[in-house]
Amino acid sequence: RSGEEALERIERQQFEFVFLDVMMEGMDGYQTCKVIKRRMPPPGRQVPVVVMLTSRAGPVDRIRGTLAGCDAYLTKPLSEDELVRVISEHDAAFQRSFENTAAN
């Protein structure tokens with residue numbers, strides 16, 4: 001619901017992916033992403049992959065997402081293929097689940 005809530009949850013629990021809308025109460029998605037990417041994670045944790053998921057599809061919005069440090073910028077309506085591509089790029093186990101298992 002808000003950038004502040006996202007930051008609180010990340011402090012309490014490890015997340016591999018964080019999906020942020022640009023428009024949120026309090027801190028917007030760009031600000032929240034910057035904080036997530038600049039914070040040192042607690043010992044034993046990795047910085048999560050941040051995916052902006054928003055209706056703001058303009059080139060300036062995408063540049064702002066890149067400058068904020070997001071790993072991917074997806075627009076609504078969401079394309080399932082794009083979502084699978086982004087998750088596959090950052091999660092090897094997920095990617096393997098889509099590999100061809102038939103014997104060649």
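The values are calculated or read from the model by the stated rules, or taken from the named source; none is laboratory data. If you're wondering where the values come from, they're calculated on a predicted model, not measured in any experiment. Don't worry about glycine lacking a Cβ; one is built from the backbone with ideal geometry, like all the others, and counts go over all protein chains shown. Quick note on the areas: whole protein, heavy atoms, side chains included, nothing else; ligands and nucleic acids left out. Shrake-Rupley method; radii C 1.70, N 1.55, O 1.52, S 1.80 Å.
A few remarks follow.
- Tally, over the range 15-30, of residues that are under 19 Å from residue 77 (Cβ atoms), part of a loop (DSSP other than H, G, I, E, B) and of a type outside the set (A, V, I, L, M, F, W, C): 1
- Taking the range 31-47 as the range and being more than 16 Å from residue 89 (Cβ to Cβ) and exposed (fewer than 14 other Cβ atoms within 10 Å of the Cβ) as the test, the residues that pass are 38, 39, 40, 41, 42, 43, 44, 45.
- Residue match in the range 5-25 (condition: under 19 Å from residue 86 (Cα atoms), surrounded by fewer than 11 Cβ atoms within 10 Å (Cβ to Cβ), out of contact with any Gly (no Cβ under 7 Å at 6 or more places or on another chain) and among the polar types (S, T, N, Q)): no
- Residue tally, condition crowded, with 17+ Cβ neighbours inside 10 Å and charged (D, E, K, R), over the range 69-83: 1
- Neighbours by Cβ (under 9 Å, 6+ apart or cross-chain): first from the range 9-20, within 16 Å of residue 31 (Cβ to Cβ); second assigned to a helix (DSSP H, G or I) and open to solvent by 70 Å² or more (accessible area, probe 1.4 Å): 18/9
- In the range 48-68, the residues that are assigned to a loop (DSSP other than H, G, I, E, B) and crowded, with 16+ Cβ neighbours inside 10 Å: 48, 56
- All positions within the range 69-80 that are of a type in the set (Ser, Thr, Tyr) and either in contact (Cβ under 8 Å) with a residue 24 or more places away in the chain or not in a loop (DSSP other than H, G, I, E, B) (or both): 73, 75
- In the range 54-68, the residues that are in contact (Cβ under 8 Å) with a residue 12 or more places away in the chain form Cβ pairs under 6 Å with partners that are part of a helix (DSSP H, G or I) and open to solvent by less than 90 Å² (accessible area, probe 1.4 Å), at six or more places apart or across chains, as follows: 64/30; 68/30; 68/33; 68/34.
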